[in-house]
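Read through the structure below, which is laid out as structure tokens, and then see the notes.
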Amino acid sequence: VFESAQVQDVGATFDSNSNKVVIAYRDTGNSNQGTAIVGTVSGSSISFGTPVVYETGEANFNAPVFDSNSNKVVIAYRDAGNSSHGTAIVGTVSGTSISFGSAVVFETAEANYISAVFDSNSNKVVISYQDNGNSNHGTSIVGTVSGTSISFGSHVVFNSGATEWVTSTFDSNSNKVAVIFRDDGNQGYGTAIVGTVSGTSISFGTAAVFESAKIFHTSITFDSNANKVVIAYQDFANFKYGTVITGKVSGTSISFGNPV
């Protein structure tokens with residue numbers, strides 16, 4: 001147990017500089033505040049430091065990611081205490097604790113289904129989300145960490161339909177960002193798109209459907225051994241079974257194997 005209260009919107013990342021795990025979550029036992037805690041793995045066990053509040057308002061869709069260029073942890077989240085604006089904050093791990101700089105708004109509208117990934121080729125953080133202020137379009141933005149702060153480029157729409165269940169990963173083989181989502185503008189189909197970071201912006205190729213049915217509860221990661229992305233999701237059309245499919249990025253496109 002790392003928090004003796006109910007937690008929601010949990011995310012975790014590995015800080016390879018300090019060799020610690022950082023967990024970010026909404027602490028329902030403390031007014032739903034955004035909270036982070038540092039974990040130390042030893043053998044097959046994990047121990048924790050003291051929880052640290054990074055957002056005194058309600059924090060949703062907490063998405064932590066480690067920036068290996070600056071050796072900082074970035075947490076992107078929806079700040080319900082500030083009109084549900086998309087917000088990010090930079091944390092520094094020291095020992096078994098973490099300290100934070102000042103929060104920065106990256107979206108002055110309600111941001112949902114937030115996902116964050118570090119692009120180690122461009123040394124940028126890419127945040128993808130549903131922009132409620134722009135017809136729920138799928139949107140990404142590039143962030144640059146400097147010291148204990150983060151600055152952002154311009155918003156880029158990757159899906160002009162209503163977009164849900166956004167998750168992303170960095171493909172270090174192709175040096176691309178892969179974003180998956182449920183495209184409610186196309187019957188809720190499971191869809192993926194490939195992004196290329198240049199400077200403080202990101203451009204996208206053509207979206208590709210990986211599941212011709214509604215999907216929920218998505219997750220994606222990159223397998224550096226097989227050089228494939230692995231997508232997991234709930235397949236609504238197949239008894240809501242948990243389903244996995246692999247994807248191969250080539251240029252700005254992505255192709256898929258068979259769902260399992």
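Across the cross-link table entries Lys176/Lys240; Lys20/Lys228; Lys214/Lys248; Lys124/Lys248, which are compared at the Cα atoms, the separations over 24 Å belong to Lys176/Lys240; Lys20/Lys228.
Only protein heavy atoms count here; on that basis, with a 1.4 Å probe, Thr163 has an accessible area of about 0 Å². Given the options Val41, Val145, Val52, state which has the largest fluctuation in a GNM of the chain using a 10 Å cut-off (strictly under) for Cα springs. For the chain, modelled as a Gaussian network with Cα springs under 10 Å, the answer is Val41. Taking only the Cα atoms of the range 126-183, the ratio Rg/Rh comes out at 1.01, with Rh defined as the Kirkwood radius.
How much area per residue is accessible in the range 114-225 when the probe is 1.4 Å and only protein heavy atoms are counted (Å²)? Mind dumping the intermediate values first?
On the way: 4080 Å² over 112 residues.
Ligands and nucleic acids excluded, the figure is 36 Å² per residue.
Ratio of Rg to Rh for the range 74-139, alpha carbon only, Kirkwood? Rounded to two decimals, Rg/Rh equals 1.03.
When the Cα atoms of the range 185-244 are aligned to their principal axes, the ranges along those axes come out at 43, 32, 15 Å in descending order.
For His217, the solvent-accessible surface computed with a 1.4 Å probe is close to 110 Å², ligands and nucleic acids excluded. Comparing mean-square fluctuations of Ser203, Ser94, Ser172 from a GNM of the chain with C-alpha springs under 10 Å, the top value falls on Ser94.
Provide the per residue accessible area, probe 1.4 Å, for the range 1-102, rounded to a whole number of square angstrom. Each step should come with its number before you reach the end.
Values: 4240 Å² over 102 residues.
Heavy-atom SASA per residue in the range 1-102 reads 42 Å².
Shown are Ser224, Ser253, whose ranking by accessible area with a 1.4 Å probe and every protein chain present, most to least, is Ser224, Ser253. By a 1.4 Å probe calculation restricted to protein chains, Ile114 has an accessible surface near 20 Å², given to the nearest 10. Rounded to the nearest angstrom and listed largest first, the equivalent-ellipsoid semi-axes of the range 1-144 from its Cα gyration tensor are 24, 19, 12. Overall, the accessible surface of the chain at a probe of 1.4 angstrom is composed of carbon and sulfur to the extent of 43 percent. Taking the square roots of 5 times each eigenvalue of the Cα gyration tensor of the chain, largest first, gives ellipsoid semi-axes of 28, 20, 19 Å.
Divide the volume of the convex hull around the Cα atoms of the range 1-54 by the residue count and you get 78 Å³ per residue. Largest GNM mean-square fluctuation among Ala80, Ala226, Ala208, using the chain with Cα springs under 10 Å: Ala226.
The values are calculated or read from the model by the stated rules, or taken from the named source; none is laboratory data. Keep in mind it's a predicted model, so treat the numbers as computed, not measured. Side chains included, ligands, DNA and RNA excluded: accessible areas come from the protein's heavy atoms. Shrake-Rupley method; radii C 1.70, N 1.55, O 1.52, S 1.80 Å.
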